Amino acid sequence: MFSLLRMWYISPAMSKASVMVLGSGTSHGVPMIGCRCAVCTSEDLRNQRARPCMLLELPEGNVLIDTPPELRLQCIRFGVERVDAVLYTHAHADHLFGLDDIRRFNELQGREMPIYAEREVLQTIRRAFAYAFMPTQAAGGKPQLSLYPLDGQIDLCGARIEPLRVYHGELPILAFRVGGFAYVTDVSAIPPETEERLQGLEWLFLDAVRYEPHPTHYCMEQAMEVVRRLKPRRAAFVHLSHDYDHEATNARLPEGMELAYDGMRVTFSL
Ligand SMILES: [Zn+2]
Ligand SMILES: [Zn+2]
Ligand SMILES: [Zn+2]
C-alpha cells in the first residue's frame, strides 16, 4: 500500500514537458541586414534565425521566455496560439521589443498577461512601454500586463521554474531551469552556485554566439567547455550569429552537442 501511494505521489513529478525554440539567433538575427555571406543567403531554413525566444509547453499551459522583435512572426510560423505567462532573462532590445504582440494573447484569452522578471527589468519595461501603463481612452491598442518581481523559484502552469543567476559581461541576468531543461542565454560567466544547479540536465540550451571570443557572450569554444564540465545528456547552442552554417557545423560538433534552430522542439522530464 505504501509503495502504491508513493508511486501515485511521485508520478506527477515524472511527467514530461517540452520546449520549442522560437528564436535561435543573435541580436542582429540571421540573415543580417546587408550581409551576403553564404549563411545569410542560404536556402536552408535552419540558417534563418530569429531573435532569442523559447516557448515552454508545460502541463497546464505555455510560458514564453522573452519577447523578441519577431514574436508575432514566430508565433504565426510555429502555430503558437496560447501564452499563459512570460518570463524575462534581461531587458536588452533583442529579448524585449516584441512585448506589444502580447496584445493578441490578451484578446484570445480574455485576461491580462502575467509578466515575471527581476525588478530592474520590470522598471525597464515600464519605461520602454510607458504607454501600456498610462490611463488613456478605452481601446484595444495596448498590451494588458501584470508585472510580478521574480526573486526565487515559482510554480507556473504545473511546473516549478527556477531562476538562476548568470553574468552577461558585467550585467547580472537570469537563466532558467525547469526539470531536466535549462536555458542559459546571453552569458559570459556562470557562478559556481549556478553551476551546481545545472547538474543532471537532459537538455542544456546555451549561448555560443560566434567562434571569436566576445566580451558579453560565450564563444563556441567556451560554450563547449561549459558543456563538457556540466555534462548534460544533450546540449544545443543558441543566440547564434551568421558564423554557423547549420549542417556543416553540426557535422563537426561532438556527440551530444548541436546547434539549435527555429522550430526545434525537445521534451524533458519535470
Ligand atoms: Zn541577446
Ligand atoms: Zn552573413
Ligand atoms: Zn543581451
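What to note about this one:
- A Cβ-based charge dipole, computed about the Cα centre of the chain with Lys and Arg at +1 and Asp and Glu at -1, lands at about 440 debye.
- Under Karplus coefficients 6.51, -1.76 and 1.60, residue-wise ³J(HN,Hα) of the range 57-70 in Hz, glycine/proline x: 9, 9, x, 10, x, 10, 10, 8, 9, 6, 10, x, x, 8
- DSSP beta bridges in the chain [antiparallel fraction, %, rounded to 5]: 55 percent
- Sequence of M32, M220 once ranked by neighbouring C-beta atoms within 10 Å, starting from the fewest: M32, M220
- Distant-in-sequence amide contacts of L156, defined by a placed amide H-H separation under 5 Å and a gap of 5 or more residues or a different chain, comprise I161.
- What separates the Cα centres of the range 13-64 and the range 246-270 is a distance of 12 Å.
- Shown in residue order for the range 85-96 are the 3J(HN,Hα) couplings computed by the Karplus curve 6.51 cos²θ - 1.76 cosθ + 1.60 at θ = phi - 60°: 6, 10, 10, 10, 7, 5, 9, 5, 3, 5, 10, 10 Hz (x for Gly and Pro).
- In the range 81-197, a dipole from Cβ-located charges (positive for Lys and Arg, negative for Asp and Glu) runs towards its positive end, and of Q123, P172, F105 it is F105 whose Cα lies farthest in that direction.
- Long-range HN-HN contacts of A235 with modeled amide H, under 5 Å: L204, M257, E258
- In sequence order, calculated HN-Hα J values of the range 76-84 (Karplus, 6.51, -1.76, 1.60; Hz; x Gly/Pro): 5, 4, 10, x, 7, 10, 8, 9, 9
- Counting beta carbons within 10 Å around each of E60, E70 and listing the fewest first gives the order E60, E70.
Where a number appears in this text, it was derived from the coordinates with a stated rule and is not lab data. Quick caveat: nothing in here was measured; it's all calculated off a predicted structure. Here Cβ is always computed from backbone atoms with ideal geometry, including for glycine, and neighbour counts include all displayed protein chains.
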